[in-house]
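Below is one structure; the comments refer to it alone.
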Amino acid sequence: MMLFRCCGLLILMLVLAICLGCEKHQEEGIPADLQATIDAFYAAIETGDAEARILMFTEKAIIMPNHWNMSKGNDAIANMLQASEGSVFRLRDREIVDMDVSGDLAYTVNSYYYTYHAEGEESQWHKTKNVHIWKRDAEGYWKLHVDIWNSDVPMSVFPNE
């Protein structure tokens, strides 16, 4: 596991270095290093690279997926992401609708469409939104600490309490 994390950290650093050198549009108000981390996070989603995504979370991160159980801690998140092998998770039309940075903490609120389906099945796009809370670690790298999202589609029937 330690070798996996060391190799993964080197890959993450390389991706961040590449993204920092890109002439890509930067969202107004987002520091370049945080923008590079956000870009790398969404690039890992686009390529289906669960290992790269796992490395972008803090050790005590919390992820709260829509219609799914909350996972706490890097190992639990890794188990959740690795359990989705054989599935396709992609995003499109992502837009940052709000954000702020204060010292070593930042948040982004995003609106986008996602698809999550078994490989080989046709994509079905769903409107959703998320909140990401980012923390800068002791080495100066931004990591995702809280990832929560939910659907824009209202529930037609509420379950009995």
Once you put a point 7 Å from the Cα of Met64 and another 7 Å from the Cα of Arg92, both along the Cβ direction, what distance in nm separates them?
-> 2.9 nm
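Can you order the peptides 43-55, 101-113 by their average number of other Cβ atoms within 10 Å per residue, highest first?
Working: 43-55: 17.6, 101-113: 15.2.
Top to bottom by mean Cβ count within 10 Å: 43-55, 101-113.
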Which stretch or stretches of region 110-150 have amide N atoms under 17 Å from the point lying 7 Å from Ser102's Cα along the Cα→Cβ direction?
-> 132-136, 145-146
Give me the number: length gained by fully extending Glu121 to Ile133, i.e. 0.36 nm times residue separation minus the C-alpha to C-alpha distance, one decimal in nm.
-> 1.1 nm
If you put +1 on each Lys and Arg Cβ and -1 on each Asp and Glu Cβ, how big is the dipole of region 27-161 around its Cα centre, in Debye rounded to 20?
-> 280 debye
Given the peptides 139-147, 87-95, arrange them by the average over their residues of other C-beta atoms within 10 Å, most packed first.
-> 139-147, 87-95
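None of the figures in this text is laboratory data; all of them are computed from the coordinates on show. Computed from a prediction, not measured in an experiment: that's the story for all the values here. In this analysis, Cβ positions are derived from the backbone assuming ideal geometry, glycine residues included, and neighbour counts consider all displayed protein chains.
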